[in-house]
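Rule-based calculations on the coordinates, nothing more; no lab input. As the structure is a computational prediction, the values presented were derived from the model and not from experiment. With ideal geometry, Cβ positions are generated from the backbone for all residues, glycine too; neighbour counts draw on all protein chains shown.
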């Protein structure tokens, strides 16, 4: 990396460090590095790793808000570090920590297994009502049908919503915002037919009913997915179904 | 995993949220400000309370507000103290007893 | 390079003061605690019904000593402020629960919020006019 065009200004980062081999407790390490107008926090971390301290460990990939791997706590807020400008915080010290509510493996890297497991639990993929051979052509959909779920399909699995969710922090069994939003994304898809299968998990005691509609998930979402909305809408439809089955047990499923 | 029976409590909670949001501020205005300023006197209030429609109104408002509060406070207790179990029984128990009491008083009174 | 260390993930404890972490969480907690006043006032209305059912003498005493007491009125005014916050948060949350679609577009949430406030105002006016 070319050395930053320094006008003498510097910025200080306080970075969460944890080495499972050496540390009993995490510690904060302070780095003072050149300040550049056009840097995001991820650029600053890359500068530290390349020029100052090669042992700093963190995840990143696309650095353009698509891959969802560089999520960290920046001054206590879950952020994609590739989209959080240093100048937004400058001249204050920037505190960088791993995403809240997840176990820390090393420095800024968290264990995401729980989330990946939940994604498979809710079957966050398309399950057609009836599988048909390729020769019969595509599963067609109108723009109107697409609009119903499109917002929920923008999720990049960055897990900022899990880091922001106090319910998940208090009860790690909770399915959490993104998994439910993605379940809802497929439930609302006109080509999908697996709503009932997903409901066994989504409407279980570890699913939507744990949510108290705090709304932090939707506030921090970098893709405007609105998981809080997805969860509340899932509550409405599941509650309707539950009462229908209680009041009209002979009616069967709709 | 089985589907939860939470909708049993969630629907009264939501109904109570709406009913109390729409009706409670004006009701408090009547029993606090209108009474305090003398816009409504004892005989006026008595006339209101003897009206069967007013009683139905009060029973609905009391009952659903209690179910709303019970559910919300149960989750506050979970969120703040991670307290579950017996506490939810107390929350909903109060709402159920309060509803029965309101109906009884409204019918007998 | 061979490492014999097994990963020992560090689990950060959740502080009991998590709801003071930012103003949104604080306001969420205020919203939830409005339920104390919603429930409390409902119990107060129950008491009002009960005193009325007990006959004119008890009701007279209740009206003079309780309903007209500045303390009770003050407490009700405090309750009114919290219940108003409950009303505002409920109306503002309405479009989250009822998404209305017009073709490929969601109906503007401000329209749904506005309709809720309108219903609230009309009902409030009606209640006050009928009561007074």
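What is the order of A:165, A:62, fewest Cβ neighbours within 10 Å to most? Could the numbers behind the result be given before it?
On the way: A:165 29, A:62 12.
The order, fewest Cβ neighbours first, is A:62, A:165.
If the elastic network links every pair of Cα atoms under 10 Å, which of B:21, B:69, B:95 fluctuates the most in the Gaussian network model of chain B?
Answer for the Gaussian network model of chain B: B:21.
How big is D, in µm² s⁻¹, for the range B:19-69 by Stokes-Einstein at 25 °C and 0.890 mPa s if Rh is the Kirkwood radius over C-alpha pairs? Show your work: numbers first, answer last.
Details: Rh = 11.7 Å.
The Stokes-Einstein estimate is 210 µm²/s.
How much mean residue ellipticity at 222 nm does chain C get from its helices, if each DSSP H run of length 4 or more adds -39500 (n - 2.57) and you divide by all residues, to the nearest 500 deg cm²/dmol?
On the way: 4 runs with 89 residues, N = 132.
The helix contribution divided over chain C gives -23500 deg cm²/dmol.
With a Förster radius of 30 Å, plug the Cβ-Cβ distance of residue A:142 and residue C:121 into 1/(1 + (r/R0)^6) and report the FRET value to the nearest 0.05.
So, using R0 = 30 Å, E works out to roughly 0.15.
Just from the alpha-carbon atoms, what are the Rg and Dmax of the range C:66-132 in angstroms?
Using the Cα atoms of the range C:66-132, the pair Rg, Dmax is 16.7, 57 Å.
Looking only at the range C:35-73, which residues have a backbone nitrogen under 18 Å from a spot 7 Å from the Cα of residue C:81 in the C-beta direction?
It comes to C:35-41, C:70-73, nothing else.
For a label point 7 Å from the Cα of residue C:104 along Cα→C-beta, name the residues of the range A:144-174 whose backbone N is under 18 Å from it.
In the range A:144-174, the label zone of residue C:104 (backbone N under 18 Å from the point 7 Å along Cα→Cβ) covers A:144-154.
Tell me the Kirkwood radius of the range A:1-159: reciprocal of the mean inverse pair distance over distinct alpha-carbon atoms, in Å.
Details: mean 1/r = 0.0547 Å⁻¹.
Value: 18.3 Å, from the Cα pair sum.
Rounded to whole Å, give me the distance from the Cα center of the range A:154-168 to that of the range C:94-131.
30
Explain nothing, just the number: relative contact order of the range A:1-132, from Cα pairs under 8 Å at least 6 residues apart, as a whole percent. Intermediate values should be presented prior to the final figure.
Working: 206 pairs, mean separation 34.0, N = 132.
It comes to 26 percent, rounded to a whole number.
With contacts defined as alpha carbon pairs under 8 Å and 6 or more residues apart, what's the relative contact order of chain C in percent? Walk me through the numbers before you get to the answer.
Details: 42 pairs, mean separation 23.9, N = 132.
Taking the mean separation of contacting Cα pairs over the length of chain C, I get 18 percent.
Once R0 is set to 22 Å, what does the formula 1/(1 + (r/R0)^6) return for the Cβ-Cβ distance between residue A:219 and residue A:173, expressed as a FRET efficiency to the nearest 0.05?
Working: r = 23 Å, r/R0 = 1.06.
Given R0 = 22 Å and the Cβ-Cβ separation, E is 0.40.
Compute the helix-to-body angle for A:177-187: its Cα long axis versus the longest principal axis of chain A, expressed 0 to 90° and rounded to tens.
For helix A:177-187, the angle is close to 40 degrees.
Compute the distance in nm between two label points, each set 7 Å from the Cα along the Cα-to-Cβ direction, one at residue A:19 and one at residue B:33.
6.6
For chain A, what does -39500 (n - 2.57) per DSSP helix run (n ≥ 4), summed and divided by total residues, give at 222 nm, in deg cm²/dmol to the nearest 500?
Working: 10 runs with 83 residues, N = 254.
Here the helix-only value at 222 nm equals -9000 deg cm²/dmol.
Using the alpha carbons of the range A:1-87, what is the convex hull volume per residue in cubic angstrom, as a whole number?
Details: hull volume 9.1 nm³, N = 87.
Here the figure is 105 Å³ per residue.
What is the Cα coordinate range of the range B:1-93 on the first, second and third principal axes, sorted by size from largest, in whole angstrom?
Principal-axis extents of the range B:1-93 (Cα, largest first): 57, 26, 21 Å.
Would you mind checking the tilt of helix C:70-97 against the longest principal axis of the Cα atoms of chain C, expressed as 0 to 90 degrees and rounded to 10?
Tilt of helix C:70-97: around 50 degrees.
Over every pair of different alpha-carbon atoms in the range B:39-109, take the mean of 1/r and invert it; report that Kirkwood radius in Å. Provide the component values of the computation, followed by the final result.
Working: mean 1/r = 0.0731 Å⁻¹.
Taking every pair of different Cα atoms in the range B:39-109, averaging 1/r and inverting gives 13.7 Å.
Taking chain C, how much of its Cα-Cα pair set, in percent, is spaced more than 20 angstrom apart?
Numbers: 5957 of 8646 pairs.
The proportion of pairs with Cα distances above 20 Å equals 69 percent.
Restricting things to alpha carbons, tell me how big the protein assembly as shown is in terms of Rg and Dmax, in Å.
For the protein assembly as shown, the Cα radius of gyration and maximum Cα-Cα distance read 27.3, 90 Å.
Roughly speaking, what is the centre-to-centre gap between the range C:42-91 and the range A:17-96 when only Cα atoms are used, to the nearest Å?
That distance is 55 Å.
How big is the range A:61-151 in terms of Cα radius of gyration and Dmax, in angstroms?
Spelled out, the Cα radius of gyration and Dmax of the range A:61-151 are 19.6, 62 Å.
Springs between alpha-carbon pairs under 10 angstrom, Gaussian network model over chain A: which of A:52, A:96, A:41 fluctuates most?
Of A:52, A:96, A:41, the most mobile in the Gaussian network model is A:52.
Compute the angle between helix C:23-53 and the longest alpha-carbon principal axis of chain C, please, reported from 0 to 90 degrees and rounded to the nearest 10.
Between the helix axis and the principal axis of chain C, the angle is about 30 degrees.
Translational D (Stokes-Einstein, µm²/s) of the range A:139-254 at 4 °C and 1.567 mPa s when Rh comes from the Kirkwood sum over C-alpha pairs?
Value of D from the Cα-based Kirkwood radius: 88 µm²/s.
Tell me the relative contact order for the range A:32-105 as a rounded percent, counting alpha carbon contacts under 8 Å between residues six or more apart. List each step's numbers first, then the result.
Values: 93 pairs, mean separation 24.8, N = 74.
33 percent.
Need one word for the range A:109-197: rounded, prolate or oblate. Basis is the Cα gyration tensor (sqrt eigenvalues a ≥ b ≥ c); a/c below 1.5 gives rounded, then a/b vs b/c decides.
Working: a/c = 2.65, a/b = 2.11, b/c = 1.26.
Verdict is prolate for the range A:109-197.
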